[in-house]
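Notes to accompany the following structure.
The values are calculated or read from the model by the stated rules, or taken from the named source; none is laboratory data. This is a predicted model, so every value here is computed, not measured. Ideal geometry is used to build each Cβ from the backbone, glycine not excepted, and the neighbour counts take in all protein chains shown.
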Amino acid sequence: MKQHTRKMKMGTISVMMIGLSIIVSSIFSILDYTNERASLQKDFEEISIPVPKRLANGLEKPLWFLDEAQTLKLIELEMMEKRVYAVVVKEADGKTVFCARKRDDNWKIIKFDGNMTKEHRSLSETIFYEGKSIGNIEVFFSRRFMDESLARLRFFNFIKVIAMGISLAAALLLIVNFFMVRPISIVVAGLKKVADDIESASQKLLFSGRTLSDGASKQASSVEETSASLEEMTSMTQQNAHNLTHANNLMIGTSRVMSDTVNSMNRLTASMDDISKTGEETRKVIKTIEEIAFQTNLLALNAAVEAARAGEVGAGFAVVADEVRSLAMRSGQAAKNTASLIEASVKGIRTGYELAVSANDGLKKLSDGAQKVGELLGEVAAASQDQSQGIHQVSRAMIQIDKVTQENMASASDTALSVEELGNQSSRMKEYMRELTALIGNKKSDKI
């Protein structure tokens, strides 16, 4: 079907080129025919006009003397020119025919009555003899030979136009084929290769664009999820930073309380140390009291012995000595009890002092640890604040990335549409190339 269409197009182009060539050749042939007809007409006029004058001059005497034989000779002499169809010589009255000759169908000279139709051109001339009109002559000219020449010219021009048209069309077809069809075929082949490359590239770009669009869509979803996670992380980090700041403030307060507690424990330790020292002094005083009670008891015993020796005189003194001895014994017992209590108290105070010292050391360590924890919490709070700001910046960056990703996704979709349109344009270009190659008659057009 395509081959038939191509042949029809080529036939149409050939007919058009032949027709154009015939038109051009016809124009030149018409000009040539017009010039030739004008030339023949001019020759006809140049030959026709002198004939009547020559006959009028030659027939002066023959007509005057009515010499028909001489007249006939002159007429036949002029009728040797084949374009002279008839000659009629009339006398002075213009009606009497003195001599008349014309040509028959075989173009031979014959005699006739002098009556002629108007189909032939005629020229007349008056015949004078010694200044007096003695008759007139009328010469009829035939356009037969000129018409035959023009007919032959028309026939030859027709043949020439056909031949020139075919030759010119063939030459034009060869020229067009050599200078246009072949270069256009080469260009079309190059365009076909370019179109194939464009189509292949557009297919690859279309696949890449769709892949990019899908990837951009997935990336946009991932970026959106990441952005939401970062926002949640930012909120949690800010909350952690707030909690760390609050914990840091609490640790600072705790550190201060621990410092005050350590100071109080230091004072308590010093006070217990003083109490321990006071207990030692009291124990020494009690010991002195015990020694005094012992000495008093000895003195009372001695006094009782002396009172017994004194008899009744010393009876009152013996009672006093017994009371003193009893008091000394009770004082000694009380001193012993007090010494035991003081000893136990001093021992408890020493134990409390040791515990207080140990607690003080623990509190100092706890205070130092609390201070370090406070410093670490401060550093962690600062780092958490920096991290919060960093995450906030990352979140803003992710929002920007999400925006760019959305734009990239839109651009990828537009690119995919553009590439698809490019593929369609490539297909249309290949279709145009098929039509062009079919138009120029390239046999390889079916392969495009």
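Here are a few things to note about the model shown:
- Looking across Leu168, Leu205, Leu172, one residue alone is in contact (Cβ under 8 Å) with a residue 40 or more places away in the chain, out of contact with any Ser or Thr (no Cβ under 7 Å at 6 or more places or on another chain) and outside the structural domain of Ala382 (by TED's automatic domain parsing). It is Leu205.
- Taking the criterion of being closer than 19 Å to Tyr129 by Cα, among the charged types (D, E, K, R) and assigned to a loop (DSSP other than H, G, I, E, B), the residues of the stretch 80-100 that qualify are Asp93, Lys95.
- The stretch 296-325: number of residues that are without any contact (Cβ under 8 Å) to a residue 24 or more places away in the chain and among the polar types (S, T, N, Q): 1
- Boolean, Lys403 is part of a helix (DSSP H, G or I) and over 60 Å from the mean Cα position of the chain (by Cα): no
- Residue list for the stretch 238-274, restricted to those being surrounded by fewer than 18 Cβ atoms within 10 Å (Cβ to Cβ), in contact (Cβ under 8 Å) with a residue 12 or more places away in the chain and farther than 24 Å from Lys372 by Cα: Leu268, Asp273
Okay, residues lined up against (1) at positive phi; (2) modelled with pLDDT of 90 or more; (3) of a type in the set (Lys, Arg):
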| position | (1), (2), (3) |
| --- | --- |
| Asn57 | no, yes, no |
| Leu66 | yes, no, no |
| Lys73 | no, yes, yes |
| Ile137 | no, yes, no |
| Phe155 | no, no, no |
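- Subset tally (residues that are of a type in the set (D, E, K, R) and either on the phi > 0 side of the Ramachandran plot or surrounded by 11 or more Cβ atoms within 10 Å (Cβ to Cβ) (or both)) for the stretch 93-110: 3
- Residue match in the stretch 356-365 (condition: among the polar types (S, T, N, Q), buried (at least 16 other Cβ atoms within 10 Å of the Cβ) and either assigned by TED's automatic domain parsing to the domain that holds Asn266 or under 30 Å from Asp260 (Cβ atoms) (or both)): yes
- Residue in the stretch 371-379 that is in a helix (DSSP H, G or I) and either in contact with a Leu (Cβ under 7 Å, 6 or more places away or on another chain) or under 14 Å from Glu231 (Cβ atoms) (or both) present: yes
- When the stretch 385-441 is filtered for residues that are in contact with an Asp or Glu (Cβ under 9 Å, 6 or more places away or on another chain), surrounded by fewer than 19 Cβ atoms within 10 Å (Cβ to Cβ) and among the small types (Gly, Ala, Ser), the ones remaining, listed by number, are Gly423, Ser427.
- For Arg267, the stated conditions hold: it is under 30 Å from Ser367 (Cβ atoms) and either at pLDDT below 75 or in a helix (DSSP H, G or I) (or both).
- Subset of the stretch 366-423 that is hydroxyl-bearing (Ser, Thr, Tyr) and free of Cβ contacts under 8 Å to residues at least 60 places away in the same chain - its residue that is farthest from His242 (Cα to Cα): Ser418
- Residues of the stretch 56-77 that are crowded, with 19+ Cβ neighbours inside 10 Å, of a type outside the set (S, T, N, Q) and in contact with a strand residue (DSSP E or B) (Cβ under 7 Å, 6 or more places away or on another chain): Ala56, Leu59, Leu63, Ile75.
- Considering Ser395, Ser367, Ser388, Ser358, the condition of being more than 17 Å from Gln239 (Cβ to Cβ), hydroxyl-bearing (Ser, Thr, Tyr) and either touching a strand residue (DSSP E or B) at 6+ places or on another chain (Cβ under 6 Å) or modelled with pLDDT under 75 (or both) is satisfied by Ser367 alone.
Residues are listed down the side, and each one gets a yes or a no for (1) of a type outside the set (Lys, Arg); (2) in contact (Cβ under 8 Å) with a residue 24 or more places away in the chain:
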{"position": "Met116", "(1), (2)": "yes, yes"}
{"position": "Thr126", "(1), (2)": "yes, yes"}
{"position": "Lys132", "(1), (2)": "no, no"}
{"position": "Phe141", "(1), (2)": "yes, yes"}
{"position": "Ala151", "(1), (2)": "yes, no"}
{"position": "Asn157", "(1), (2)": "yes, yes"}
{"position": "Arg182", "(1), (2)": "no, no"}
{"position": "Val188", "(1), (2)": "yes, yes"}
{"position": "Lys193", "(1), (2)": "no, no"}
